[in-house]
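Right, one structure below, let's go through it.
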Amino acid sequence: MGPHETSAIWFKRVIAMTCVLLSLTMAAVVTVVICSIFGSPYPAEDELPDLPAGLVASSSDLECAGAGCWRTWTISGPDHMTAAEVAARLGGAGQSCGHHGWFDWREACTTVHMSPDQVTVQRALAEKPGGSAP
């Protein structure tokens, strides 16, 4: 085999590997787009983050608006715990956001709200990829 034949074989291998990588990339992009567009429009009831021992959640309320949907749970602890203590056990009032899932890139946010008499956890899901969760 001469040098021209060897370089032609390597060129064909590089082209083949490039085609395979492009195909895999396109398959991943299509999967993300399909899951993000056709995924469930609202957060599921089981999306409440794990609660520390002793805290319980009420049944959830689901609401929707133009930007997406959200689910809210009221969190309570033993009778002697104040709302501030319950919020502190949850890591304090605040919000954290990220992708809804591995293949669903809509923004999903979990927010802990505290009022003087109760603590609520809200899980919000943006209506479409690139949008902000309500």
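If the condition is being among the small types (Gly, Ala, Ser), surrounded by fewer than 17 Cβ atoms within 10 Å (Cβ to Cβ) and either in contact with a helix residue (DSSP H, G or I) (Cβ under 9 Å, 6 or more places away or on another chain) or in a loop (DSSP other than H, G, I, E, B) (or both), then the stretch 95-121 contributes GLY101, SER115. Restricted to the stretch 31-45, and to residues there that are closer than 12 Å to ALA124 by Cα and either surrounded by 17 or more Cβ atoms within 10 Å (Cβ to Cβ) or β-branched (Val, Ile, Thr) (or both), the residue that is modelled with the highest pLDDT is PRO43.
For the condition in contact with a strand residue (DSSP E or B) (Cβ under 7 Å, 6 or more places away or on another chain), surrounded by 13 or more Cβ atoms within 10 Å (Cβ to Cβ), among the hydrophobic types (A, V, I, L, M, F, W, C) and under 11 Å from PRO43 (Cα atoms), ALA124 qualifies. Confirm whether THR18 is more than 27 Å from GLY98 (Cα to Cα), out of contact with any Phe, Trp or Tyr (no Cβ under 7 Å at 6 or more places or on another chain) and either part of a helix (DSSP H, G or I) or at pLDDT 85 or above (or both). When the stated conditions are applied, THR18 passes them. Counting only residues that are touching a Gly at 6+ places or on another chain (Cβ under 8 Å) and in contact (Cβ under 8 Å) with a residue 24 or more places away in the chain, how many does the stretch 52-80 have? Looking only at that region, the number is 5. Looking at this structure, is VAL30 among the β-branched types (Val, Ile, Thr) and touching a helix residue (DSSP H, G or I) at 6+ places or on another chain (Cβ under 6 Å)? For VAL30, the condition - among the β-branched types (Val, Ile, Thr) and touching a helix residue (DSSP H, G or I) at 6+ places or on another chain (Cβ under 6 Å) - is not met.
The values are calculated or read from the model by the stated rules, or taken from the named source; none is laboratory data. Model, not experiment: these values are computed from the prediction. FYI the Cβ positions are ideal-geometry reconstructions off the backbone, even for glycines, and counts take in every protein chain you see.
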